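To start, the structure itself, in structure tokens.
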Amino acid sequence: MEIIEIDVRNDAARREFFAVEQEVIHHDLPDGWERTYESFEKSVLQPDNPYRRATRLAAVVDGAWVGTAEVGLPLKDNTHLAEVELVVRPHARRTGVGRALFARVEEICAEHGRTTSCVEMHVPRGVAFESSPGARFGRTLGFESVHQEDHLVLDLPADVSHLEAASAGAGSAYEIVLWGERCPDEHVAQFCAMRTQMANDVPTGEMDIEAVVFDEERLRTGESRLAQGWIPIVAAARRRDDGVMGGYSMLMLPRGGDLVLQDDTLVMPEHRGHRLGTALKLATLEVVRREHPERRAIHTWTEPDNHAMQRTNADFGFTPRARLHELQRQS
Ligand SMILES: CC(C)(COP(=O)(O)OP(=O)(O)OC[C@H]1O[C@@H](n2cnc3c(N)ncnc32)[C@H](O)[C@@H]1OP(=O)(O)O)[C@@H](O)C(=O)NCCC(=O)NCCS
């Protein structure tokens, strides 16, 4: 077996990398989240990201790719961290492929002074965490589960008419501002403040990560990179009295696909308790209904004890399909 570093700007390597990822998702988590080839390709074909560097590996046996890994290294924040994804094709498991890939991951971590590595792992409903291959593999390599989230899915089209009355109160005090790829200039400062608040507020359990501070440069860099492969939909609530932003919610639609990813939803602390979260999510859902009728489900992840968000999601009809574990190892 050989572990090679691959260049996803090479067409064949890019396709093979994506094929391995797809095979593993369909095998391990049939109802799982998947990006589209188009969103993956557009993301990786961009110039280097000043905020994050990614190294991609493949394990090759007799010319065939049997597993892949990606090591993401934040460059301007969290410089102690390595974000790892590692998958092995089902037919090649328990033959040391995962271990060999991880040995190279460890070398990359050491070369770049990374002392914490973390990996996301999904366990389907009804399967005990301890019995899943990822958990066993992780434990063998010294990882422990430090944070969990429910993976929730809402099938579309969804009937949410019962929520419109509940959020009507918010509508009289706030107006909903919508945008897509680019936040309007006049909202940038408040949007950056909310994104920073989100990074601080979102529950992350025992994960060894520092909250990112958003400034205009980070926001604009992220927006222009994201728009290549994804269609973003952002709703923000602006208080009519004084123009102060009270919260936002973001969806991301992989280009060329039929799924939607629900990303951040935040209501700023002093604006909580007015069903603003519901009003924001209704606004983004309405854009999907109107402009993207081909989308058949929304996927999101929420911490089990985040009662406000769990309640909002349940009101919309989201149901749990899997449990996400953040596994972490510190050297
Ligand atoms: C988890 C995964 C990467 C393991 O890959 P692999 O190539 O089968 O792993 P290895 O053969 O190198 O196994 C290394 C050790 O992990 C442990 N292990 C791995 N899979 C196991 C399983 N199904 N049951 C029990 N122990 C397991 C064993 O200790 C094994 O050593 P051993 O075979 O000498 O006993 C693979 O099952 C996979 O791709 N799963 C889906 C994606 C995933 O969960 N990725 C996140 C990993 S944290």
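Residue by residue, here is whether (1) more than 16 Å from the ligand (Cβ to nearest atom); (2) under 17 Å from ALA64 (Cβ atoms); (3) of a type outside the set (A, V, I, L, M); (4) not in a helix (DSSP H, G or I) holds:
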{"site": "GLU5", "(1), (2), (3), (4)": "yes, no, yes, yes"}
{"site": "ALA12", "(1), (2), (3), (4)": "yes, yes, no, no"}
{"site": "ARG15", "(1), (2), (3), (4)": "yes, yes, yes, no"}
{"site": "PHE18", "(1), (2), (3), (4)": "no, yes, yes, no"}
{"site": "GLN22", "(1), (2), (3), (4)": "no, yes, yes, no"}
{"site": "HIS27", "(1), (2), (3), (4)": "no, yes, yes, no"}
{"site": "TRP33", "(1), (2), (3), (4)": "no, no, yes, yes"}
{"site": "GLU41", "(1), (2), (3), (4)": "yes, no, yes, no"}
{"site": "PRO47", "(1), (2), (3), (4)": "yes, no, yes, yes"}
- prompt: Quick one: in the range 61-87, which of the residues that are touching a Phe, Trp or Tyr at 6+ places or on another chain (Cβ under 9 Å) and under 19 Å from GLU16 (Cα atoms) is nearest to the ligand (Cβ to nearest atom)?
  reply: LEU86
query: Hey, does the range 63-71 have a residue that's part of a loop (DSSP other than H, G, I, E, B) and not assigned by TED's automatic domain parsing to the domain that holds GLU210?
result: yes
- prompt: Within the range 192-228, can you find the residues that are β-branched (Val, Ile, Thr) and either more than 19 Å from THR265 (Cα to Cα) or touching a Pro at 6+ places or on another chain (Cβ under 9 Å) (or both)?
  reply: ILE209, VAL212, THR221
field: Every residue from the range 272-327 that is over 17 Å from the mean Cα position of the chain (by Cα) and assigned to a strand (DSSP E or B)
entry: THR319
statement: Scanning the range 33-58 residue by residue, those surrounded by fewer than 18 Cβ atoms within 10 Å (Cβ to Cβ) and within 30 Å of VAL127 (Cβ to Cβ) turn out to be GLU34, ALA54
- prompt: Considering ALA165, ALA158, ALA128, which residue is touching a Gly at 6+ places or on another chain (Cβ under 6 Å), surrounded by fewer than 18 Cβ atoms within 10 Å (Cβ to Cβ) and either free of Cβ contacts under 8 Å to residues at least 12 places away in the same chain or not aromatic (Phe, Trp, Tyr) (or both)?
  reply: ALA158
query: Among GLU210, GLU223, GLU217, which is among the acidic types (Asp, Glu), surrounded by 15 or more Cβ atoms within 10 Å (Cβ to Cβ) and in the same structural domain as GLY169 (by TED's automatic domain parsing)?
result: GLU223
query: Pick from THR265, THR196: which is closer than 17 Å to TYR51 by Cβ and of a type in the set (Ser, Thr, Tyr)?
result: THR196
message: Looking at the range 119-138 only, could you name the residues that are within 22 Å of the chain's Cα centre (by Cα) and either aromatic (Phe, Trp, Tyr) or in the same structural domain as HIS80 (by TED's automatic domain parsing) (or both)?
response: PHE129
task: Determine the pairs where a residue that is within 20 Å of GLU326 (Cβ to Cβ), located within the range 85-100, has a partner that is among the aromatic types (Phe, Trp, Tyr) and more than 6 Å from the ligand (Cβ to nearest atom) with Cβ atoms under 7 Å apart, the partner being 6 or more residues away or on another chain.
output: LEU86/PHE102
- prompt: Going through the range 38-59 one residue at a time, which ones are within 16 Å of the chain's Cα centre (by Cα) and in contact (Cβ under 8 Å) with a residue 60 or more places away in the chain?
  reply: SER39, PHE40, SER43
query: Which number in (1) in the same structural domain as ARG296 (by TED's automatic domain parsing); (2) surrounded by 14 or more Cβ atoms within 10 Å (Cβ to Cβ) marks the one condition that GLN148 misses?
result: (1)
message: Take ALA279 and tell me if it is closer than 28 Å to ARG255 by Cα and in contact (Cβ under 8 Å) with a residue 60 or more places away in the chain.
response: yes
field: When residues of the range 103-153 are limited to those that are in contact with a Lys or Arg (Cβ under 9 Å, 6 or more places away or on another chain), of a type in the set (Asp, Glu) and part of a strand (DSSP E or B), the one nearest to the ligand (Cβ to nearest atom)
entry: GLU144
message: Just to be sure before I move on: is SER249 modelled with pLDDT under 95 and either out of contact with any strand residue (DSSP E or B) (no Cβ under 9 Å at 6 or more places or on another chain) or among the small types (Gly, Ala, Ser) (or both) in the structure I sent?
response: no
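The values are calculated or read from the model by the stated rules, or taken from the named source; none is laboratory data. All figures in this text were calculated on a predicted structure; none of them were measured in a lab. Every residue, glycine as well, gets a Cβ built from its backbone with ideal geometry; the counts of neighbours run over all protein chains shown.
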